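Worksheet: the structure to be examined is printed underneath.
Every number in this text was worked out from the coordinates using simple rules, so none of it is lab data. Keep in mind that what you see is a predicted model, and the values were worked out from it rather than measured. Every residue, glycine as well, gets a Cβ built from its backbone with ideal geometry; the counts of neighbours run over all protein chains shown.
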Amino acid sequence: MSENMEHSGQARRQFITFKSGEQEFGADIMTIREIRGWTPTTELPHAPPYVCGVINLRGMVLPVVDLKARLGRGKTEVSAKHVIIVVRCGEQTMGLLVDAVSDILTATESDIQGTPELARDTQSEVVEGIAVLDQRMVTILGMDRLAAMLVDHKPVSQAA
Amino acid sequence: MDPMESIKQTYFQECEELLLAMEEGLIAMEGGEADSEVINAVFRAVHSIKGGGGAFGFESLVSFAHHFETVLDHVRSGKLDHDAPVVKVLLRAGDILADHVSAARSGQPLTEGHDRDVMEELAALADDETSGGGEASADFDDLDFTPMQIEIADEEATAPAISGWRIRFVPHASLYANANEPLLIVRELQSLGDVDVEVDLSRLPSLAELDPANAYFAWTITVQGGATREVIDEAFEFVAGDCDLEIEALAAAPDIEPLPEPAVELSEVDGSSAPAPNAPAIQTAERKGPPAVEAIAAVKQTIRVDLDKVDRLVNLVGELVITQAMLAQRVFEAEVQGAAAVGSGLVELEHLLRDLQESVMAIRTQPVKSVFQRMPRLVRELAAQTNKQVRLVLEGEATEVDKTVIDRLGEPLTHMIRNAIDHGLETPDERRQAGKPDEGTVTLSADHRGGRIVIELSDDGRGINRERVKEKAVEKGLIPPNAMLSDEEVDNLIFLPGFSTASEVSNISGRGVGMDVVRRNIVELGGRIVIASTPKRGSRFTMTLPLTLAVLDGMVVGVGDQTFVLPLTHIVESLQPRKEDIRPFSSERSLLHIRNSYVPLVRTGELLGVKGAQSDPSKGVVILVESEGAGRLALTVDAILGQRQVVIKSFEGNYHRIEGIAAATILGDGRVALILDVDGLVTRCRVNLNHDQITHQATGTFG
């Protein structure tokens, strides 16, 4: 990582990295408010499969998104070891259910590549880019894109 | 925000309060309880509105307020009696002044001649009492008002004697640089006679742009008494080159009331003390005049706080209460040593938290007066339009309710008063024939009852014509022709959508919105409305509303593995149905048989996709609810878990709206429970009925 830090004159960004399934993901540290253990959710009627429900975050009703399900890899079998990352995008707050938080990572803009053109799928909708650091590949998620899907109102018939 | 803009906003806020004070005073005068203090208060209010308006250059407002003020001044000085006809004109003038203020606020000028009638009446009144004032009224149309010279009075023409001086004093930065002190000058002037100082902050920029070395304040100083021009000039001798100075003679007007300085909030003055360190001192000097001090003492100290801040506080306190409950539970479960001592501490904490919660909730409350005060004007206008004589009696104006409730009370009340006067009250002729006094009485009252606010609107008019209501309902297909209805049921037909009793559409209440809209407004607020009517004696509408929209009385129900809250206002009754009462109707629908009627049965669990819900309604509980669009529904739930007051938490902003869910709440155990929206459930039912077709069409895109 140290060699990447030496790029001078470029804007540096810090990312929190976390695991969901086998893959490592990153999210801009500025969007992350806190990380907390799994608490059981209250399900929302007719929510898409990737919305686990809502939890009480100190009086705020917070929707929780299962990242694994969102990326089309099946629902997470939750246990006490899972964590919820509380993400704030603009005025919107949501929780992101992941397996574990691993690291804090510093990267410059040049370390981040765009999504490969051939790899477009359900995942690429929410991916901002790919960071390659120390032979690790970290998929950087665009939190605003994830969050936007929760507030776009869908008609009743489609939500079912 | 542009500093000028924010001062303007403050001015308009002040105006609202001043207009209310004015109206209150005028109504007291109308009721014959006018002592000099009341008249003075009205005068001060109008004067302050005029003064501030001048500073912002609202010319038509100032010119109207000026005429108004002149008449008030005559009343105050006893030159004019405040008998009924005069007060009537004053009340109308008050209405027009309010129009001027709202026109200035919205930036849309009033239509030409809107105030002409009243202006002429005011002029006539002023005329009556001023000797040889004929020319004054001729002058009214082309009077030119200089915005800053707030207290200019056209009495100059009629009374040339000099009673004092008005000094406009605008220090330059160099004045302070040369170690001069405006305070000393003011003190000097005070030795010459009664001094009234008004500070003009309009040039004051926001704190960020403020240059401490610059001078931003200006003062208008009125010196009463017979001081000569030379003496005045002498006071300013040392600063003459370092300031703008306008000195003019004051006509012998009746003593001018010092302004209670409405546009200046203390905080603003503090924040700006840098450029003129003596400013606060001058403020006190200004307030030395006894009438001003009285005026200030009469006004309760208040601060303006952003509603969001209060809401955050309310939220946090709500959380604190839940956390305390959780903590108590944990301590109890853990059976720790010394649990008794901890327990008693927790009980103490609980009491404190309850007090805290109540106090915090009280911050959001306001007296209903702010809505009630708008009604007298409405009544006056309606009385004039319908040629009826109406007396409005207001009771319990001090009753306090949450601000959100108050904000949404105005519209339904307005509509109901229109109805009461237009349909309820008879014309004076009709009333005389019925042996009633010419003047009809409409009473609007508010009261606290059992944790809710009860608002009643009653009139002594003709009552509801049940025959006609019934006829109309049949005509519109709202009830079958042979329906047997009790009197009460007939009366309540007027709340049905699409019902309007006006035999001909009048421009007052027959505007396509009927009592159904009123009822909907009230229900949206979590309230109920009922009517009681006696033919020939009048009608009474009773509304019960929650004290706040932040909490709701709900029934907590279990459906499968989930807990939901049903608003109590929608619930008619709950029952355990027998198997034979449930009749299949179609492949998807069943009906529930309750006392000779059939009500559609809605399987809540199925509708909301909850796992593990009881599928046999006869093994669970059925809750009969009243919906807005589809009448009664029977919702099936597994069990009733209790009834409690819950704090409403919206998740809008974090998640899209869900049809059938109104909001969420947090239960005592810290878990989130969803609050059901009965009308949304109806919509969802209807969609589900067509569900097959939709899924067919949607398969292509969603498969």
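Given R0 = 51 Å, the distance between the Cβ atoms of residue A:123 and residue B:588 translates into a calculated FRET efficiency of 0.85.
Between residue B:595 and residue B:626, the FRET efficiency estimated from the beta carbon spacing at R0 = 22 angstrom works out to 0.90.
Across peptide B:647-659, what mean number of C-beta atoms from other chains lies inside 10 Å of a residue's C-beta? Please report the intermediate quantities before stating the final value.
Working: counts 1, 0, 5, 1, 8, 2, 8, 14, 13, 10, 3, 8, 6.
Neighbouring Cβ atoms belonging to other protein chains average 6 per residue here.
The range B:13-50 and the range B:348-363 have their alpha-carbon centroids 37 Å apart. Per-residue ellipticity at 222 nm, computed for chain A from helices alone with -39500 (n - 2.57) per DSSP H run of at least four residues, works out to -2500 deg cm²/dmol. A simple count of charges around residue A:34, restricted to other residues whose Cβ falls under 13 Å of its Cβ and scoring Lys, Arg +1 and Asp, Glu -1, yields +4.
The loop-placed GluC sites (Glu not before Pro) in the range B:527-604, going by DSSP, that have at most 15 neighbouring Cβ atoms within 10 Å of their Cβ come out as B:588.
Tell me, B:456, B:23 in order of fewest to most beta-carbon neighbours within 10 Å? Write out the running numbers ahead of the final one.
Details: B:456 17, B:23 21.
Fewest to most other Cβ atoms nearby, the residues stand as B:456, B:23.
Here the spin labels are modelled as points 7 Å beyond Cα on the Cα-Cβ line, and at residue B:447 and residue B:106 they lie 3.8 nm apart.
For every other residue with a beta carbon closer than 14 angstrom to the beta carbon of residue B:493, add +1 if it is Lys or Arg and -1 if Asp or Glu, then tell me the sum.
Once all neighbours under 14 Å are counted, the net charge is -2.
Spacing of the modelled spin labels on residue B:438 and residue A:144, each 7 Å from Cα toward Cβ, amounts to 7.0 nm. Once each part is reduced to its C-alpha centroid, what is the distance from the range B:176-198 to the range B:404-460 in angstrom? Rounded to whole Å, the Cα centres lie 55 Å apart. Take each peptide in B:412-424, B:546-558, B:322-334, count the other Cβ atoms within 10 Å of every residue, and average; sorted highest first, the result is B:412-424, B:546-558, B:322-334. Structure note, pairs B:88/B:436; B:8/B:369; B:403/B:470; B:8/B:403; B:50/B:309: Cα-Cα distances above 30 angstrom occur for B:403/B:470; B:50/B:309. Among A:98, A:65, A:132, the residue with the largest mean-square fluctuation in a Gaussian network model of chain A, with springs joining Cα atoms closer than 10 Å, is A:132.
Placing +1 on the Cβ of every Lys and Arg and -1 on the Cβ of every Asp and Glu, with no other charges, gives the range B:300-438 a dipole of roughly 780 debye about its Cα centre.
Ranked by how many other Cβ atoms sit within 10 Å of their own Cβ, fewest first, the residues A:42, B:563, B:386 fall in the order B:386, B:563, A:42. Only residues of the range B:310-347 count here: report those whose backbone N is under 17 Å from the spot 7 Å along Cα→Cβ of residue B:366, or say none. Answer for the range B:310-347: B:310-311. For chain A, excluding the exposed loop sites themselves (GluC sites (Glu not before Pro), DSSP loop, at most 13 other Cβ atoms within 10 Å), the longest remaining stretch covers A:92-160.
By the beta-carbon count within 10 Å of each Cβ, the least crowded to most crowded order of B:685, A:89, B:15, fewest first, is A:89, B:685, B:15. Residues considered: A:134, A:66, A:144. Largest GNM mean-square fluctuation over chain A, using C-alpha springs under 10 Å, is found at A:134.
Give, as a single signed number, the net charge of other residues whose beta carbon lies under 14 Å from the beta carbon of residue A:87, with Lys and Arg counted +1 and Asp and Glu -1.
Values: positive: A:33, A:36, A:70, A:88, A:145; negative: A:28, A:34, A:66, A:91, A:128, A:144.
Once all neighbours under 14 Å are counted, the net charge is -1.
The charge dipole of the range B:40-121, taken about its Cα centre with unit charges on the Cβ atoms of Lys, Arg (+1), Asp and Glu (-1) only, comes to about 320 debye.
Averaged over peptide A:43-50, how many Cβ atoms belonging to another chain are found within 10 Å of each residue's Cβ?
That average works out to 6.
At an R0 of 25 angstrom, the distance between the Cβ atoms of residue B:393 and residue B:430 translates into a FRET efficiency of 0.75. GNM on chain A, C-alpha springs below 10 Å: top fluctuator among A:87, A:64, A:54? Of A:87, A:64, A:54, the Gaussian network model singles out A:54 as fluctuating most. Projecting label points 7 angstrom from Cα along Cα→Cβ for residue B:303 and residue B:342 puts them 3.7 nm apart.
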